[in-house]
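Data first, discussion second: the structure below is written as structure tokens.
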Amino acid sequence: MQTTYYQQNAGSFWDRIAPKYARKPISDPDAYEEKLSCVRGLLKGTDNVLEIGCGTGGTALTLAPAVSRMTATDISRRMIEIAQSKLGPHAPLNVGFQQAEAADLIDGYPFDVVCAFSLLHLVDDIPMVLARVRDQLKPGGLFISKTVCLKDGPIAIRFFVRALTAVGIAPRVIALGKTDLIQHLKDAGFEIVSTSHFGQQRTNPFIVARRPFA
Ligand SMILES: C[S@@+](CC[C@H](N)C(=O)[O-])C[C@H]1O[C@@H](n2cnc3c(N)ncnc32)[C@H](O)[C@@H]1O
């Protein structure tokens, strides 16, 4: 697939911050554990899973023992290098990392489950990404996402993020609301299975959606 100007810039932004991102502690470890246990509850040992926008791979490596195969992709070459450096002798053997844009078709599809954590607010064409996710899922397969919804928070934060983006400290973020996100998912042909939140953050909805059987 042809890369857009935005995607090239997104890749270089994340390449630049990847080493710092890798060192950054998880901001709310309890909420992260809650998310992981909720995702594990949705996975089966036979599942073929794709994670898009996997960053430095920590979540994919943690979830891999719960599934048959875990493929994790990210637009940033540097993020993927850091993820691959974690594939030592003690890492699960069923994980593969590769550099790819969120809308790319990934070898190994169809998948039982696709995950996207803290990603959808960063892509430039959400309908395209969701259409590709749907096409790569088996009928009945799950799309599990957690997304920053800036539109549902204080407007001052939106302006602050925009200012950080302008000076290159933050990536470009689309100001989505949870209702926009749900509408995008429905427009792409998904059924909404559940929506929830973890920890104090009310603006990062965790949404489980299903590709219908028919
Ligand atoms: C906020 S980080 C989240 C990383 C990881 N999912 C997590 O929850 O820690 C966003 C990640 O999305 C990746 N990303 C941004 N735009 C992307 C795109 N269009 N396609 C694929 N990955 C993208 C970035 O390189 C970065 O690793």
- Note on the structure: Expected single match for more than 16 Å from R210 (Cα to Cα), within 17 Å of the chain's Cα centre (by Cα) and of a type in the set (S, T, N, Q) among Q99, Q136, Q84 is Q99
- Query: How about the range 157-182: which of its residues are among the hydroxyl-bearing types (S, T, Y) and within 19 Å of the chain's Cα centre (by Cα)?
  - Reply: T179
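Rundown of residues vs (1) under 17 Å from the mean Cα position of the chain (by Cα); (2) among the acidic types (D, E), yes/no style:
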residue	(1), (2)
D104	yes, yes
P110	no, no
L120	yes, no
H184	yes, no
N204	yes, no
- Item | helices (runs of 4 or more DSSP H) contained in the range 1-105 and holding at least 1 residues charged (D, E, K, R) | 5-23, 29-42, 77-85
- the range 55-91: number of residues that are in contact with a strand residue (DSSP E or B) (Cβ under 6 Å, 6 or more places away or on another chain), within 20 Å of Q136 (Cα to Cα) and either of a type in the set (F, W, Y) or within 14 Å of the ligand (Cβ to nearest atom) (or both): 5
- Heads up, the helices (runs of 4 or more DSSP H) in the range 122-203 (entirely inside) with at least 3 residues that are in contact (Cβ under 8 Å) with a residue 60 or more places away in the chain and surrounded by 14 or more Cβ atoms within 10 Å (Cβ to Cβ) are 126-136
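Here's the yes/no breakdown for (1) more than 16 Å from the ligand (Cβ to nearest atom); (2) farther than 21 Å from V49 by Cα; (3) touching a Pro at 6+ places or on another chain (Cβ under 8 Å):
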{"position": "S118", "(1), (2), (3)": "no, no, no"}
{"position": "D125", "(1), (2), (3)": "no, yes, no"}
{"position": "L142", "(1), (2), (3)": "yes, no, no"}
{"position": "L150", "(1), (2), (3)": "no, yes, no"}
{"position": "V167", "(1), (2), (3)": "yes, yes, no"}
{"position": "G177", "(1), (2), (3)": "yes, yes, no"}
{"position": "Q183", "(1), (2), (3)": "yes, yes, no"}
{"position": "V193", "(1), (2), (3)": "yes, no, no"}
{"position": "F206", "(1), (2), (3)": "no, no, no"}
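If you go through the range 206-214 one residue at a time, do you hit one that is in contact (Cβ under 8 Å) with a residue 40 or more places away in the chain, of a type outside the set (A, V, I, L, M, F, W, C) and surrounded by 15 or more Cβ atoms within 10 Å (Cβ to Cβ)?
Checked against the condition, which is being in contact (Cβ under 8 Å) with a residue 40 or more places away in the chain, of a type outside the set (A, V, I, L, M, F, W, C) and surrounded by 15 or more Cβ atoms within 10 Å (Cβ to Cβ), the range 206-214 yields at least one hit.
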- Item | Members of the range 92-107 that are surrounded by fewer than 15 Cβ atoms within 10 Å (Cβ to Cβ) and either touching a strand residue (DSSP E or B) at 6+ places or on another chain (Cβ under 6 Å) or closer than 23 Å to K20 by Cβ (or both) | N94
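Between I52, I80, which is buried (at least 21 other Cβ atoms within 10 Å of the Cβ), out of contact with any helix residue (DSSP H, G or I) (no Cβ under 7 Å at 6 or more places or on another chain) and in contact (Cβ under 8 Å) with a residue 40 or more places away in the chain? Working first, answer last.
Numbers: I80 fails: in contact (Cβ under 8 Å) with a residue 40 or more places away in the chain.
One residue alone meets the criteria, I52.
Rule-based calculations on the coordinates, nothing more; no lab input. From a predicted model like this one, the values you see are computed outputs, not experimental measurements. Backbone-built Cβ (ideal geometry, glycine too); neighbour counts: all protein chains shown.
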